[in-house]
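Trainee: Starting off with a structure, shown below.
The values are calculated or read from the model by the stated rules, or taken from the named source; none is laboratory data. Quick caveat, the model's predicted, so the values are computed rather than measured. Counting neighbours? That spans all protein chains shown, and the Cβs are built from the backbone with ideal geometry, glycine included.
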Amino acid sequence: MNASSQTTPPAPSAPMQIDFVADVVCPWCYLGWERLKKALALRPDVRAQVLWRPFQLDPMIPEQGVDRKAYMANKFKDPERIKAATAALQAGALEDGVILNLADIPISPNTNAAHRVIRWAQRAGCDIAVIEGIMKAYFTDLRDIGDPEVLADIADKAGLERMAVLKMLSEDTDRDVIANEHGIAVRAGITGVPFTIFDGKVAASGAESPERLVLAIDQALATPAA
């Protein structure tokens, strides 16, 4: 029996909080984000509040970023491993309608700034547009999402004030907040992303299929609050 045909537990009166711990340069996070949206579409009666939680795969990357090909070659010494991982990602991405131009990405950026813009977008209620704009810019359009001008362009299209975003980035607003939230995730035992937490009750690690995420949603609905 597939997940969508199972009996759905009654939806709670309050929205289900879904914490999506992720990094914007993680291709599996891009797939995981799309699959979470599909899972929620399979449970249209469930009101959900999805919160992006920042995680940095490498917070030590310098502000100007580094050459991605050299970075990946240094990180993964076995080129066949990179090739196999890329092939798996591309196959998964095609199924989810995501375009990943992994081989052509020029820069591996420090993602603190991108997470900060997402944080500001959450306050303004336009975080989904910013999240998806940043990931598309990086994986599909091959833009440097460590560049404040690029981030300001994305934020502006989502409804934030471009000059205000540039000003806050230049003043390092919330830089330490992102670093602290990343530290909280690490201390909680999260070592890989995406990591999705449903109502603080059920967790899913990795870019699970929509059907498996529906099972997690249903389990969270059926689990009494602590």
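Trainee: I'd like to verify a number: residues in segment 110-135 that are of a type in the set (Lys, Arg) and free of Cβ contacts under 8 Å to residues at least 12 places away in the same chain, how many?
Mentor: 1
Trainee: Which residue is farthest from the chain's Cα centre (by Cα), if the candidates are limited to segment 97-149 and must be among the small types (Gly, Ala, Ser) and surrounded by fewer than 16 Cβ atoms within 10 Å (Cβ to Cβ)?
Mentor: Checking each candidate, the answer is Ala103.
Trainee: Still on this structure: Arg68 - would you say it is of a type in the set (D, E, K, R) and touching a strand residue (DSSP E or B) at 6+ places or on another chain (Cβ under 9 Å)?
Mentor: Considered against the rule, which asks whether it is of a type in the set (D, E, K, R) and touching a strand residue (DSSP E or B) at 6+ places or on another chain (Cβ under 9 Å), Arg68 comes out as yes.
Trainee: Output the residues belonging to segment 124-166 that are out of contact with any helix residue (DSSP H, G or I) (no Cβ under 9 Å at 6 or more places or on another chain) and among the hydroxyl-bearing types (Ser, Thr, Tyr).
Mentor: Answer for segment 124-166, where residues must be out of contact with any helix residue (DSSP H, G or I) (no Cβ under 9 Å at 6 or more places or on another chain) and among the hydroxyl-bearing types (Ser, Thr, Tyr): just Thr140.
Trainee: Now, a different point. Could you please find all residues in segment 173-204 being among the small types (Gly, Ala, Ser) and free of Cβ contacts under 8 Å to residues at least 24 places away in the same chain?
Mentor: Matches in segment 173-204: Gly183, Ala188, Gly189, Gly192, Ala203, Ala204.
Trainee: If I filter segment 31-68 down to residues being assigned to a loop (DSSP other than H, G, I, E, B) and of a type in the set (A, V, I, L, M, F, W, C), which single residue comes out as nearest to Glu181 (Cα to Cα)?
Mentor: Among those that are assigned to a loop (DSSP other than H, G, I, E, B) and of a type in the set (A, V, I, L, M, F, W, C), it is Phe55.
Trainee: In addition: Within segment 64-96, track down each residue that is in contact with a helix residue (DSSP H, G or I) (Cβ under 8 Å, 6 or more places away or on another chain) and either surrounded by fewer than 11 Cβ atoms within 10 Å (Cβ to Cβ) or modelled with pLDDT of 95 or more (or both).
Mentor: Once the filter is applied, which keeps residues that are in contact with a helix residue (DSSP H, G or I) (Cβ under 8 Å, 6 or more places away or on another chain) and either surrounded by fewer than 11 Cβ atoms within 10 Å (Cβ to Cβ) or modelled with pLDDT of 95 or more (or both), segment 64-96 yields only Pro79.
Trainee: With the requirement that a residue be in a strand (DSSP E or B) and either buried (at least 20 other Cβ atoms within 10 Å of the Cβ) or in contact with a helix residue (DSSP H, G or I) (Cβ under 7 Å, 6 or more places away or on another chain) (or both), what does segment 173-226 give you?
Mentor: Phe195, Thr196, Ile197, Phe198, Val202, Ala204
Trainee: If I ask for residues that are more than 18 Å from Asp23 (Cα to Cα) and in contact (Cβ under 8 Å) with a residue 60 or more places away in the chain, which ones from segment 93-109 would you list?
Mentor: Of everything in segment 93-109, those that are more than 18 Å from Asp23 (Cα to Cα) and in contact (Cβ under 8 Å) with a residue 60 or more places away in the chain turn out to be Asp96, Gly97.
Trainee: List pairs: first residue in segment 15-31 and more than 15 Å from Ile105 (Cβ to Cβ) and in contact (Cβ under 8 Å) with a residue 12 or more places away in the chain, second residue of a type in the set (Phe, Trp, Tyr) and part of a strand (DSSP E or B) anywhere in the structure, Cβ distance under 6 angstrom, at least six positions apart or on different chains.
Mentor: Ile18/Phe198; Phe20/Trp52; Val21/Phe195
Trainee: Mind counting the residues in segment 69-116 that are under 19 Å from Ala137 (Cα atoms), part of a loop (DSSP other than H, G, I, E, B) and of a type outside the set (Val, Ile, Thr)?
Mentor: Qualifying residue count, segment 69-116: 7.
Trainee: Right, something else. If I ask for residues that are touching a residue at least 12 places away in the same chain (Cβ under 8 Å) and in a loop (DSSP other than H, G, I, E, B), which ones from segment 148-172 would you list?
Mentor: Within segment 148-172, Gly159, Leu160 meet the criteria.
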